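Each remark here refers to the structure printed beneath this line.
The values are calculated or read from the model by the stated rules, or taken from the named source; none is laboratory data. Keep in mind it's a predicted model, so treat the numbers as computed, not measured. Note that we place each Cβ from the backbone using ideal geometry, even for glycine, and neighbour counts take in every protein chain shown. Each accessible area value is taken on the protein alone, full model and side chains, heavy atoms only, with ligands, DNA and RNA left out. Shrake-Rupley method; radii C 1.70, N 1.55, O 1.52, S 1.80 Å.
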Amino acid sequence: MDTQGRLLLVGAPLGNVADASARLRTALVEADLVAAEDTRRLIRLARELDIVLPGRIVSYFEGNEERRTPDLVEAMLSGAVVAVITDGGMPSVSDPGYRLVRAAIEAGIPVTSAPGPSAVTTALALSGLPSDRFCFEGFLPRKPGERRSRLAALGAEERTLVFFEAPHRIAATLADLAAAFGDGRPAALCRELTKTYEEVVRLPLGELVEWAGANPPRGEITLVVGGAPVAAAVRPSDAALLAEVADLEAAGTPRRDAIAEIARSYGLPRREVYNLVVAG
């Protein structure tokens, strides 16, 4: 056993075992202790990967995280390599792991990962919605009042939003989303990602509410919702535009870049700002 223990976060396949990396196999085989969200799923995964897990296996889920974390830290301080794996995706992202990561960092234990699939980025990529800027909100509150308050606070968020939701709450959540953001806000409901019955339904929220009512979705669901429309910037006067270009030039920005930057910030054709500068 190494004299220096460490914590290894292992990204598990979302459903398709073929997505398991070679590093995931190595990590599970070489770990002295594997902390699994569901030990039965871990054993099944090992069987499907045709690997043997020589290390000790313990359960590590929401119900025992607080109690089990000190023991895992102690094992790492004694030199053990501890691997954490969830049912699918990366540990600590709306799954067990964050508490242990914090405890390991505070104890001076190295933390690393064998990265793997993520339902968040997979759904975002498949949604067809803007992915250059997004925010992940995880599971919304279960209580209707708290959920609506959270959504009201997100009403002006311009980034694409990603949520997790359970099938039995999806109808109520979609209705609240439509009420908070408007029926026309674009969205995508992604379920059973990478699995046999993978499905991505891309509709405005109002239509998605109707679709889910007629076709109650099953399985693991990730919702992607377009951000709030960006308010168009008010065009300043010609003199103000020229002054802004001049300020950028004075600060060292080349004229061509200054014109492009000012045009972009106000949603104007570059040629329009260029002509003003040349004429001025």
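Roughly speaking, what % of Cα-Cα pairs in the range 149-267 are separated by over 20 Å, rounded to a whole number? Tail of P(r) above 20 Å: 55 percent of Cα pairs. Using a simple charge model, +1 on the beta-carbon of Lys and Arg, -1 on the beta-carbon of Asp and Glu, nothing else, what dipole does the range 214-280 show about its Cα centre, in debye to the nearest 20? The dipole of the range 214-280 has a size of about 260 debye. In whole angstrom, how far apart do the alpha carbon centroids of the range 1-53 and the range 89-165 sit? Centre-to-centre (Cα) distance: 22 Å. Projecting the Cα positions of 80, 96, 203 onto the charge dipole of the range 71-204 (unit charges on Cβ atoms of Lys, Arg, Asp and Glu, taken about the Cα centre) puts 203 furthest along the positive direction.
Under a model in which nothing but the beta-carbon of Lys, Arg (+1) and Asp, Glu (-1) is charged, the range 139-221 shows a dipole of about 280 debye around its Cα centre. Sorted on the mean count of surrounding Cβ atoms within 10 Å across their residues, most packed first, peptides 134-140, 169-175, 31-37 read 31-37, 169-175, 134-140. Computed on the chain, with alpha-carbon pairs under 8 angstrom and 6+ residues apart, the relative contact order is 17 percent. Note on the range 120-175: dipole from Cβ charges, positive end direction compared against 160, 138, 126; the farthest Cα belongs to 138.
Quickly estimate the mean residue ellipticity at 222 nm for the chain, helices only: each DSSP H run with n ≥ 4 gives -39500 (n - 2.57), and the total goes over all residues, rounded to 500. Please list the in-between numbers first.
On the way: 11 runs with 117 residues, N = 280.
Calculated mean residue ellipticity at 222 nm is -12500 deg cm²/dmol.
Compute the accessible area per residue over the chain, keeping the other protein chains in place, probe 1.4 Å, unit Å². Walk me through the numbers on the way to the answer.
Working: 14710 Å² over 280 residues.
So the chain comes to 53 Å² accessible per residue, rounded to a whole number.
Take residue 68: with every protein chain present and a 1.4 Å probe, its accessible area is about 60 Å². Here the contact order of the range 154-280, divided by its residue count and restricted to Cα pairs under 8 Å and six or more residues apart, works out to 26 percent. In this structure residue 257 has an accessible area near 80 Å², from a 1.4 Å probe over the protein heavy atoms. In the range 170-280, a dipole from Cβ-located charges (positive for Lys and Arg, negative for Asp and Glu) runs towards its positive end, and of 213, 180, 242 it is 242 whose Cα lies farthest in that direction.
A Cβ-based charge dipole, computed about the Cα centre of the range 39-150 with Lys and Arg at +1 and Asp and Glu at -1, lands at about 400 debye.
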